[in-house]
Every structure is written in structure tokens, then in C-alpha cells.
1. Failed condition for LEU278, given (1) closer than 21 Å to VAL133 by Cα; (2) open to solvent by 10 Å² or more (accessible area, probe 1.4 Å), with all others met?
2. Within segment 94-137, which residues are assigned to a helix (DSSP H, G or I), farther than 20 Å from SER312 by Cα and of a type in the set (A, V, I, L, M, F, W, C)?
3. Consider segment 269-313. How many of its residues are over 21 Å from ALA138 (Cα atoms) and among the β-branched types (Val, Ile, Thr)?
4. Does segment 267-286 hold any residues that are hydroxyl-bearing (Ser, Thr, Tyr) and outside any loop (DSSP other than H, G, I, E, B), and which are they?
5. So, in segment 30-65, exactly how many residues are buried (at least 21 other Cβ atoms within 10 Å of the Cβ), hydrophobic (A, V, I, L, M, F, W, C) and touching a Ser or Thr at 6+ places or on another chain (Cβ under 7 Å)?
6. Yes or no: LEU19 surrounded by fewer than 16 Cβ atoms within 10 Å (Cβ to Cβ), within 20 Å of the chain's Cα centre (by Cα) and modelled with pLDDT of 75 or more?
7. Being touching a helix residue (DSSP H, G or I) at 6+ places or on another chain (Cβ under 8 Å), of a type in the set (Lys, Arg) and open to solvent by 20 Å² or more (accessible area, probe 1.4 Å) narrows it down to one residue among ARG186, ARG219; which is it?
8. Give me a count of the residues in segment 78-112 that are in contact (Cβ under 8 Å) with a residue 12 or more places away in the chain and either of a type in the set (Lys, Arg) or in contact with a strand residue (DSSP E or B) (Cβ under 7 Å, 6 or more places away or on another chain) (or both).
Amino acid sequence: MTNSPALLLTIVQSILPILVTLGFGYFAAYRKDFDAQQAGVLTRLVMLYALPLELLASILSTPRNQVLAAGPVAALILLAMIGGYGLIFAILRGLLKRRLGEAALIAMTITGPSVPFIGIPVLGQIFGPASSVPISIASLAMNLVQLPITLILMGHDRGTRHRVETAGEARNELRELLGHLMHSCREPVVWVPMMALVLVSAGAFLPQFLKGSLQLLGRTTGGAALFASGVVLFTRQVKFSSLVGVIVSVRNIIIPGIIYVLARLWHLPLPALQESVLTMAIPSASINVILAMRYHVLEREIASVLFFGTLSSIFTMAFFIWLTGA
């Protein structure tokens, strides 16, 4: 118990800034200083420039042996995000008979942590430059797998594609999936960390003067993204419901709990356990709110998940920080 004050300080330093920055965004929208369209501009800045630069600088500053030893972390994160997405989607469609678009959006909301935004301030505070590896893995899983599939399924449900005979429909689905994958690969948030992982694996490193140049804009990632999310929250009237409570509970507690159990059963090294569990303990991503608004699916519910999930994460992430001894 001698470390309790230090643990509490770490938790406050890591999580409280998230809530404060969200609050500033909410207050700015309340004062009509920013609207949802302007929040979209901030999000675009983050996704196209700030976040890729932050990931590039962080990955190239990570020792090569840490990157090469990231296999167990990658396996757990991919299992949770991709395997979990498929399982939850199947349950929602097969057992609960949810609409296609709703099932896809809920599955992504549950299995997609906000690693690009919240991961930078939280994991960076705890793990330092090494946090860039799980952040990059989770970002790639979201942008290369979850997001394209969710867009296709939600587009299907919306009726934006013409239905043809079964064989032609299957070919069209495959063509659309490949198109979304190619589009995702052209996004800087996808190809920049992939390039950086290849470079650092080959022994490349980033000179100190270049690191500072890249991080000048890169360090705005967490703050700008969270501020924009706070603005978006104000545009939707959040309300707690049983669906919101279930999604938040599974996202913030059950999934990281399962990852913790698996990591223990597989006897993973402590750093791998800590990084994988805390990565999956991060609350839901704000991109889900954008998708809900774009397709007019569960708009209030998904915005409420973002609000209550982020608010409760100060307690749930504190628990997992304590549990893993991070």
C-alpha cells in the first residue's frame, strides 16, 4: 500500500485531462464558439496530420527490440478487436435480430477503443514511447478491418446500393470491400505507422532534431481530438438507457477483463499484459458518433456511449491500471 499515493497520482494525471478537455469542447459548443462542422475540421487535422506525425515520431523513437517483441500484444489486440467484432455482430444479428447497420455500428462501438485520441495521452503517460506500438496496432485494426466492413454493412442497410442477383451482388460486395481497403491504405493514419514499423524493424532511428520538429504538431493530437469530441457531444442530447449501459459495460469492463484473463493463462510477460489490457480498457472511439450521424443510426445512443463511457473510464481504467500494476 506504500505505492497507493503514487498510483492515485498517475491515474489522475492520465485520465482527468481527458474529461477536462471534453468539458472544454462541450462548453465551447454551448457558447456557440464551435459547431459540429468546425469539430469535423479539427478531426480532419488530427487524422491527416497530427496523429500520423505523432505515431511516426513515437514509433521511430521506440527501441527495435520492443517493436520486434510486440507479437503477443498484437495477437491480443487483434483477437479483441477483430474476433470480438465478428462475435458480437453475429450475436446481434443472429440472436437479437438487430438491423444490419445497427449490429455493425454497435459491434464497432464495443470493440473499437479510442486509441488514436485517448490512447496518446493515457498510454503515453504510462508507457512512454513504447505506447506507440499498441496504439499503431489498434489503429490499423480499426482502419483496415473494422471501419471498411462497418461502412459497407451500414451502406447496405441504408439501401444505397442496388440489389442484383446473388452472384453479381457477391462480386459487388467484394469490389466495394476492396475499394474501402484501398481507400483506407491511402490514409496517412494507416500507411505512416506501417512505414514506421518497417523502418524501425530494419534498424532505422529518428534524429533528435527531427523528432522535435514532428512532435510540434503531433502533440496536439489528443487535445484537439478530445476537444472536437466534446463539441460533438453537445450537438446530441445524451441520455442513459439499458442499451447504453450494456455497451459501456462490455466496452470498458468485460473486454479488457477477458484480455487480462487470456494474458494470464498464456503467461505473457508483464509489459505485454499491461499494454494489451490497458489498450482495450480505453473507452469507445468518437468515430462511431460520426458514423451514427452520417447514416442516422442510433445517433443519441452512440453519443451517449461516448459520454458515459468516457466519464466512467476514470474509474474503470483506474481499476485496470491498479490490477495490472502499470
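1. For LEU278, the failing item is (2).
2. LEU95, LEU100, ALA103, ALA104, LEU105, PHE127, ALA130, VAL133, ILE135, ILE137
3. 1
4. SER276, THR279, SER284, listed by residue number.
5. The number of residues fulfilling the criteria is 5.
6. Yes: the conditions hold for LEU19.
7. Details: ARG186 fails: touching a helix residue (DSSP H, G or I) at 6+ places or on another chain (Cβ under 8 Å).
Criteria check complete, one pass: ARG219.
8. Matching residues across segment 78-112 total 3.
The values are calculated or read from the model by the stated rules, or taken from the named source; none is laboratory data. Being a predicted model, the structure only gives us computed values, none of them experimental. Glycine gets a Cβ as well: all are built from the backbone with ideal geometry, and neighbour counts include every protein chain shown. Surface areas here come from the heavy atoms of the whole protein model, side chains and all, with no ligands, DNA or RNA. Shrake-Rupley method; radii C 1.70, N 1.55, O 1.52, S 1.80 Å.
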